[in-house]
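S.K.: I have a structure I would like to understand better, so I am pasting it below and will then ask my questions one at a time.
The values are calculated or read from the model by the stated rules, or taken from the named source; none is laboratory data. Everything numeric in this text was worked out from a predicted model, so none of it was measured. When we count neighbours, we look across all protein chains shown, and the Cβ atoms used for this are built from the backbone with ideal geometry, even at glycine.
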Amino acid sequence: MDKIIVLDFGSQYSHLICRRIREFSVYAELVPYDIPYEKLQAMNPKGVIFSGGPSSVYNKDAPKPNPEVFQMNLPLLGICYGHQLIVDKFGGRVKRANKEYGHSILTVDNGSSLLSGVGNSVRAWMSHGDEAENIPENFEVIGHTERSRAAAIANRQKSIYGIQFHPEVIHTENGMQILKNFVLNICGAKQDWTMENFIEKTVRDIAKIEGNVLCGVSGGIDSTVAALLIHKAIGNRLKCVFVDNGLLRLDEEQEIEKMFKDNFAVNFTAVNAKRQFLDKLVGITDPEKKRMVVGEEFVRIFTEFAEKNGPFKWLAQGTLYPDVIESGVSKGPAAVIKTHHNVGGLPEWLDLEILEPLRDLYKDEVRKAAAILGVSKKLLSRHPFPGPGLAVRIIGEVTEKKLHIAKTASKIVEDELEAAGWYDKVWQAYAAVGDDKAVGVVGDERKYGNIVMIRVVESTDAMTADWTRLPHDVLAKISNRITNEIDEVTWVSYVISSKPPATIEPQ
Ligand code: XMP
């Protein structure tokens, strides 16, 4: 498989460079900027990209790539800080400039293969405080903006290019064309990164492992795809366990069991642990405490299953590429965002090695793989659901009554959004319930019932979210059905807080 390697100098957009390249079926990988030369060589890239980054090349501690990178005679593309690195490396001069953030108009000066087909004058997204004052010998300016005389430079003979702007962000017009020009035409990379190839290769690799594999499945797309890939490779040496904690969506436990048993023929065990979870949650009202109790109980049940059904050599996990990068494995200068504890506190004596077949994939790639592996459209398009389930959608103590309300009302929300064509347009949609009550009238009688909160949000990554402006008639229908169909509810409210300052889940 042809590869493009992106050296990460710490830009918030480094990730996006890989994503964009993979979108046109070439494999791209983000690695730390100071990756040892032997490792880089062993990856056998077709070309190298230097990402942007927050540093200035003239600072003493500025991150620099290993000098051997320049001796590989590979096509190079520097973006923003990467552009300045190239200017500096080949004898040009970088100076502090007036900051340039946002849109600029890039004028293409000289026909070059990098900017071919981009247009003569395009919007380009800038985010920099330094610029190239003098460009190195043997380089020419191929594009400029009003503020940056050398916004795009090229050494055509050596196939080395630098651009001050960010082609990877959508605000740069025809940015994708620039990346395509570099990757396909200048590096000559083949478009052979397809999910079919990925599945074939991964299955071949997993088939080589010895010993049994344990995989916890949640019914979510990541663990399902991980399990299906491993099953394709080693059949019944994979054992899947699904822990029903009683905190799932209405009838979800049956649906998950049915999906695995009917469609996939994998070795699947459902552990009904509703009672244990609900007993442990009695009297607990603090949100963090609830999460902890659910987590601990899960580990206990999972460990019990492993002891009884082992020995296992491997624990499979649906870790994705952004998780690998976020947990600092890339170890570029980008700050470690958070540590993922994917093993989730399993005891060391289980002595399990970790198998992560999806660790090279982005979420949209997992979806493509899932479709190829025969995962139903319903699961593919299902909204994300929090690990601790309804424990975080029930405010205060988790009780059977509140579980019933949250499950039934959420099902109504989902069904009505589906019917009105809104389900696929929103990120998450559910009903939460707490202990607040309000008076209603039924017939001639007063009734004191629960208040249900409907939460429907739009988001792209759950880091920020906005409440969805649903049409009033859809809201009216939802409200009507909830108060008519759920005896315990008298009032329905709609949550109109965005994240931040609110979060998506109430607990
Ligand atoms: P918040 O409530 O923090 O949620 O805005 C952001 C996203 O994460 C999901 N979420 C969780 N997912 N375990 C998970 O696997 C958790 O403990 C958890 N808490 C929140 C939430 O559904 C939303 O998509």
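S.K.: Taking GLY421 as the residue in question, decide whether it is more than 16 Å from the ligand (Cβ to nearest atom), within 25 Å of GLU253 (Cα to Cα) and in a loop (DSSP other than H, G, I, E, B).
M.R.: Taking the combined requirement at face value, the residue does not satisfy it.
S.K.: So is PHE242 at pLDDT 95 or above and buried (at least 17 other Cβ atoms within 10 Å of the Cβ) or not?
M.R.: It is true that PHE242 is at pLDDT 95 or above and buried (at least 17 other Cβ atoms within 10 Å of the Cβ).
S.K.: Now for a different question. Which condition number in (1) within 16 Å of the ligand (Cβ to nearest atom); (2) touching a residue at least 24 places away in the same chain (Cβ under 8 Å); (3) surrounded by fewer than 20 Cβ atoms within 10 Å (Cβ to Cβ) is the one that LYS437 fails?
M.R.: (1)
S.K.: If I filter segment 461-485 down to residues being small (Gly, Ala, Ser) and under 31 Å from the mean Cα position of the chain (by Cα), which single residue comes out as farthest from GLY440 (Cα to Cα)?
M.R.: So the residue we want is ALA462.
S.K.: Give me the residue from segment 364-405 that is exposed (fewer than 15 other Cβ atoms within 10 Å of the Cβ) and within 16 Å of the ligand (Cβ to nearest atom) and, out of that set, farthest from GLY220 (Cα to Cα).
M.R.: SER381
S.K.: Same structure, new question: Does SER410 meet the test of being exposed (fewer than 15 other Cβ atoms within 10 Å of the Cβ) and either closer than 15 Å to GLU505 by Cα or within 16 Å of the ligand (Cβ to nearest atom) (or both)?
M.R.: no
S.K.: Give the residue that is surrounded by the most Cβ atoms within 10 Å (Cβ to Cβ), with candidates limited to residues of segment 446-475 that are outside any strand (DSSP E or B) and polar (S, T, N, Q).
M.R.: Restricting to residues being outside any strand (DSSP E or B) and polar (S, T, N, Q), the top hit is THR468.
S.K.: Check segment 113-128 and report whether any residue there is in a strand (DSSP E or B), out of contact with any helix residue (DSSP H, G or I) (no Cβ under 9 Å at 6 or more places or on another chain) and farther than 23 Å from LYS180 by Cα.
M.R.: No, that holds for no residue.
S.K.: Further, regarding this structure: Name the pairs: first residue in segment 493-507 and within 19 Å of HIS383 (Cβ to Cβ) and assigned to a loop (DSSP other than H, G, I, E, B), second residue within 8 Å of the ligand (Cβ to nearest atom) and polar (S, T, N, Q), Cβ to Cβ under 7 Å, at least 6 apart or on different chains?
M.R.: Close Cβ pairs satisfying both conditions: ILE504/GLN428.
S.K.: So, in segment 11-40, how many residues would count as being in a loop (DSSP other than H, G, I, E, B) and under 18 Å from the mean Cα position of the chain (by Cα)?
M.R.: Residues in segment 11-40 being in a loop (DSSP other than H, G, I, E, B) and under 18 Å from the mean Cα position of the chain (by Cα): 3 in total.
S.K.: Which one of GLU458, GLU505, GLU488 is of a type outside the set (Gly, Ala, Ser), away from the ligand (no atom under 11 Å from the Cβ) and under 25 Å from the mean Cα position of the chain (by Cα)?
M.R.: Result: GLU458 is the single residue among GLU458, GLU505, GLU488 that is of a type outside the set (Gly, Ala, Ser), away from the ligand (no atom under 11 Å from the Cβ) and under 25 Å from the mean Cα position of the chain (by Cα).
S.K.: Could you tell me whether ILE478 is out of contact with any Leu (no Cβ under 9 Å at 6 or more places or on another chain), under 27 Å from ASP251 (Cβ atoms), part of a helix (DSSP H, G or I) and not assigned by TED's automatic domain parsing to the domain that holds ASP364?
M.R.: The answer is no for ILE478.
S.K.: How many residues are closer than 21 Å to LEU247 by Cα, outside any helix (DSSP H, G or I) and more than 21 Å from the chain's Cα centre (by Cα) if we restrict to segment 367-403?
M.R.: Selection size over segment 367-403: 7.
S.K.: If you go through segment 254-274 one residue at a time, how many are assigned to a loop (DSSP other than H, G, I, E, B) and over 27 Å from the mean Cα position of the chain (by Cα)?
M.R.: 3
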